[in-house]
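Enquirer: Got a structure here, written out as structure tokens. Questions coming.
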Amino acid sequence: DNGSVEPETHEFFEKIQAQDSRVSVLRYDHPFNYSAINNFGAEHAKGSIIGLVNNDVEVINGDWLGEMVSHACREDVGCVGAKLYYGNDTIQHAGVIVGLGGVAGHSHKHFPRASGGYFNRLKVVQSVSAVTAACLLVRKSVYEEVGGLNEQDLKVAFNDVDFCLKVLDAGYRNIWT
């Protein structure tokens, strides 16, 4: 919890912790730094798989977590990212292409939801250079091996791309599904 102020949010935190003993809400009372917040969470995580999931992601497929975990637990795989949509049913994220837009950009951005994309790439699991940390799974051991997200230089943007490139350099594949 990075400074939530809404009473409903705090009520939800209390409720979910009471419902499931595996859930604990950690307070992070520091200025916003996406990389530092996630490194803090990863440091305290007790599971073998770390999930970086933005608070505005809405689940639309009940099998999403099982699909992503099925890839994240593979020894040759580092990061796993998901297909994400905008509210108007166009593609928000379908993997990251390094160099697009000068640094890195999302593949197939704004394509219609039903589109197959370039050579039907929007329909198949594939290796990519990077995935967005808006919805990313990675084994905790890999997260620790590459040193997590860069808190010093990439506090808000491109920390996920940098992280995924470190994971590639460590010899793992990044997967988009």
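Enquirer: Sketch the reach of a paramagnetic label on Val125 as a point 7 Å from Cα along Cα-to-Cβ, and name the residues of region 80-96 whose backbone nitrogen lies under 12 Å away.
Expert: Counting only backbone N, you get 80-81.
Enquirer: If you don't mind, there's one more thing I want to ask. Where does each of Ile97, Ile16 land when they are ranked from fewest to most other beta-carbon atoms within 10 angstrom?
Expert: Ile16, Ile97
Enquirer: Taking Lys109 as the anchor, which lysines have their alpha carbon closer than 17 Å to its alpha carbon, excluding any fewer than eight residues away along the same chain?
Expert: Within the straight-line cut-off, Lys109 pairs with Lys83, Lys123.
Enquirer: If we count every other residue with Cβ under 15 angstrom of Asn120's Cβ, Lys/Arg +1 and Asp/Glu -1, where does the sum land?
Expert: My count for the surroundings of Asn120 gives +4.
Enquirer: What is the sum of charges, Lys and Arg at +1 and Asp and Glu at -1, for the other residues whose Cβ falls under 11 Å from the Cβ of Ile50?
Expert: Cβ neighbours under 11 Å give a net charge of +1.
Enquirer: For helix 34-44, report the angle its Cα long axis makes with the longest principal axis of the Cα atoms of the chain; keep it between 0 and 90° and round to the nearest 10°.
Expert: 60
Enquirer: Which residue, Asp162, Asp20, Asp89, has the most motion in a Gaussian network model of the chain that connects Cα atoms within less than 10 Å?
Expert: Per the Cα network of the chain with a 10 Å cutoff, Asp20 tops the list.
Enquirer: Subtracting the Cα-Cα distance from 0.36 nm times the residue separation, let me have the gained length for Ser141 to Val103 in nm, one decimal.
Expert: The Ser141-Val103 span can extend by a further 10.9 nm.
Where a number appears in this text, it was derived from the coordinates with a stated rule and is not lab data. Quick caveat: nothing in here was measured; it's all calculated off a predicted structure. With ideal geometry, Cβ positions are generated from the backbone for all residues, glycine too; neighbour counts draw on all protein chains shown.
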